[in-house]
1. Sticking with the crude label model, points 7 Å out along Cα→Cβ, report the distance from Val95 to Glu157 in nm, one decimal please.
2. Tell me, what ³J(HN,Hα) does each residue in segment 181-194 have, in order and in whole Hz, if you take phi through Karplus 6.51 cos²θ - 1.76 cosθ + 1.60 with θ = phi - 60° and put x for Gly and Pro?
3. Scan around Arg126 for amide H atoms under 5 Å from its own, H built in the peptide plane at 1.01 Å from N, and keep only partners 5 or more places away or cross-chain.
4. For the residue pair Ala123 and Glu239, what label-to-label distance in nm results when each label sits 7 Å from Cα along the Cα-to-beta-carbon direction?
5. Between Trp429 and Arg325, what FRET efficiency comes out of the Förster formula 1/(1 + (r/R0)^6) with R0 = 45 Å and r the beta carbon distance, rounded to 0.05?
6. In segment 59-161, carbon and sulfur make up what percent of the accessible area (probe 1.4 Å)?
7. Using θ = phi - 60° and the Karplus curve 6.51 cos²θ - 1.76 cosθ + 1.60, what whole-Hz ³J(HN,Hα) does each residue of segment 467-477 get, with Gly and Pro shown as x?
8. Provide the net charge surrounding Leu73, with neighbours chosen by a C-beta distance below 12 Å and charges set as Lys +1, Arg +1, Asp -1, Glu -1.
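The values are calculated or read from the model by the stated rules, or taken from the named source; none is laboratory data. Note that the coordinates shown come from a computational prediction; the quantities given were computed from them, not determined experimentally. Backbone-built Cβ (ideal geometry, glycine too); neighbour counts: all protein chains shown. Protein only, heavy atoms only, side chains kept; ligands, DNA and RNA dropped before computing areas. Shrake-Rupley method; radii C 1.70, N 1.55, O 1.52, S 1.80 Å.
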Amino acid sequence: MGRDSDADGDADGGLSAGERDRAADEGSLSAPGGEALPRVLRSFVDAIPTPALACDPGSLAIRAANPPAADLLDRDRGTLTLMGLDDLGEAAATVAGDPIGAAVRAPPDGDGVTRFEWTVASAPMRRLELAVRAATVADREWLIVGLTDVTDRVTAEERLRSQLRVTDAVAATVPVALFQCTERGTLSRWNDRLAADAGYEDERLSGTALTSLFDDESHDAVAAALQSVYREAENAECEATLVTRSGERVPYRLSLGPVTDGDEVVGAVGVGEDVTEASLREERLAVLTRVLRHNFRNDLNVVTGFTQRAIGEVEDPTLAAELERVVDTAERLLRVGETSRRVERLLADRPTPRPTDLADEVEEALVTVPSELRDRADIEVDVPEGITVSAVGYLAEAIAELVDNAIRHGDADRPSVTVTAAELPSESWTSLVVADDGPGIPPVERAVLTGEETPLEHASGLGLWYVNWIVSAGGGGFDIGESKAGGTRIEMELRTVDGE
């Protein structure tokens, strides 16, 4: 509690603030009872390099203050010695809610120090930590009070708590399991969905190794994903089988990412998803498409075989031409079935981009185009060596699909196809263009790429989707336009990467 004016008058003999400050400098102030404050007390406090005060144990009146304390509290030392310790702040109690006097006189810790925090100002907020130690100076006991400004720490902690509240709210809302692992791969935080999926109480999950939640066959895959995160600081995914507390085996998909402190990986965060329903649906769709594709191919082969026999038997040229159209249509549908198989494989593999030599991919693509097609077309290639792009492993198939389509649907006696590549001025992208001199892609077929439901006039629609998906999986772009020769110009924009 602070001293009243009478007490102040008795203590300083009626000096002005300036005179009192000078007197304090000379060590000639009076202590309660009229005794002069010992010069050694002032010297003792001044010798402390951090903000410090000396207070009377009974009244908590401030008797000495060093320069760092005056700077911290933004008051001159003379003014401070006119105050009581509990006059320094607006709040009458500590952060813990104890009265200041009671906090000062609380039992000390093992080092003989009593510590507490006190909000001394609210706008803007100012928080101090006080460390109080009893000391005997000049045969008399004093309270030496160390002051530390902890405002920045408190502000940072509150900001972190606010972020954690938002994180917890998100974690409680999303319909997937979220979790955090320590640098040792043990669970440190998680949402209710993970606990529900695993069937364990929070106490059981705390400190549990993430790998221990999965069966023996999945253990290595989960461990490898964690190692990729910790060692390479890269995101990782894996499929695993979660074993619940009751022994149930649940198909699970894990996505993991690093938590970093500067350049050091200090933990991992992850998302887990029960894919039981998705797995069943994918399995049933896969069976359905295999059966349909098998029957589709077999029946079309029958149609093609009988039609070709009929062509050899008929003498009417008009009828023979119509039968040839039946064969062409059946072959196009067979190619649609083959493309659908490749699309299914692409979607199942979920490939990741990698650095790819573009010239090698173009060369591989042209080799895979059927020789009978290559022989009846003029194919010109201008792809510089040394261009490395980011692409999935199916890029050659996409290029081959475009060249194949250009030749098959060309209306010239000898279709012309060009494959060109150039690094764009931004140096971040490379343009790969396949152009032809054919009739162009009908608007109704281009609309397939926009998601509009329209009939196709020939079989390249699914092929265009396949090419688009391959390019998009590598982070690239896809565009259809008109070539200089009036045909189709398809441009693939691929990210350029350092090939070293």
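1. Going by the 7 Å Cα→Cβ label model, 0.4 nm.
2. Working through the residues one at a time gives 10, 6, 5, 9, x, 9, 5, 10, 9, 6, 9, 5, 5, 5 Hz.
3. Val120, Ala121
4. It works out to 6.2 nm between the two label points.
5. On the way: r = 42 Å, r/R0 = 0.94.
Efficiency for this residue pair is about 0.60.
6. Numbers: 2540 of 4990 Å².
It is 51 percent, rounded to a whole number.
7. 4, 4, 5, 4, 5, 5, 4, x, x, x, x
8. Numbers: positive: Arg75, Arg77, Arg126; negative: Asp71, Asp74, Asp76, Asp87, Asp149.
Net charge in that neighbourhood comes out at -2.
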